[in-house]
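Novice: Provided herewith is a single structure, encoded as structure tokens, for subsequent inquiry.
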């Protein structure tokens, strides 16, 4: 868990710290008269990374609430603590959800051992994971970085296929930056609107 948090912080630090090199790259890519646009792209890219982290915090909070409601109704002892831990573990793609589920099962078994409680835990985590994957992450994180929910899911899948866990962490902010750049390049602007969550002008 600490390693994953460090990975998120390192990713944010790297992308924010790398903005000067990114700006130099764009200045060389675009003509001098576009320097104003370049500075705007860099500014918006930094904002994307910051908003991504804010979105992650909101996601963790909503997951903790979802887990708390389900586990509380189920009758798990110390359900608030278990819910917070499970939500924090969700920062680790795939593995984190399994760990959180395991922690809840252990608490449920040790404090009750009833089959109804264990079934309730399974239902709670199934519903929470569905909401996280197809509702909360695409719409909350996507809205924060201005990427359409469909492309949020697609970016995470591609990131995982290319670079595993690190790829999944980087996928959404990188997709947000790509969208910003595409919206500023006339030849690529249609793709920018395709990726963006903004409504295209009719």
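The values are calculated or read from the model by the stated rules, or taken from the named source; none is laboratory data. Keep in mind that what you see is a predicted model, and the values were worked out from it rather than measured. Glycine also receives a Cβ, built like all others from the backbone with ideal geometry; neighbour counts cover every protein chain displayed.
Novice: Could we say that residue 49 is surrounded by fewer than 15 Cβ atoms within 10 Å (Cβ to Cβ), in contact (Cβ under 8 Å) with a residue 60 or more places away in the chain and at negative phi here?
Specialist: The answer is no for residue 49.
Novice: So which residues in the stretch 90-124 are closer than 21 Å to residue 157 by Cβ and not in a loop (DSSP other than H, G, I, E, B)?
Specialist: The answer is 95, 96, 97, 98.
Novice: Which of the helices (runs of 4 or more DSSP H) contained wholly in the stretch 132-202 include at least 1 residues that are out of contact with any strand residue (DSSP E or B) (no Cβ under 9 Å at 6 or more places or on another chain), at pLDDT 90 or above and surrounded by fewer than 18 Cβ atoms within 10 Å (Cβ to Cβ)?
Specialist: By residue number, 149-184, 189-195.
Novice: Also, quick follow-up: If you check residue 112 against the conditions, is it surrounded by 19 or more Cβ atoms within 10 Å (Cβ to Cβ) and either farther than 27 Å from residue 166 by Cβ or at pLDDT below 90 (or both)?
Specialist: no
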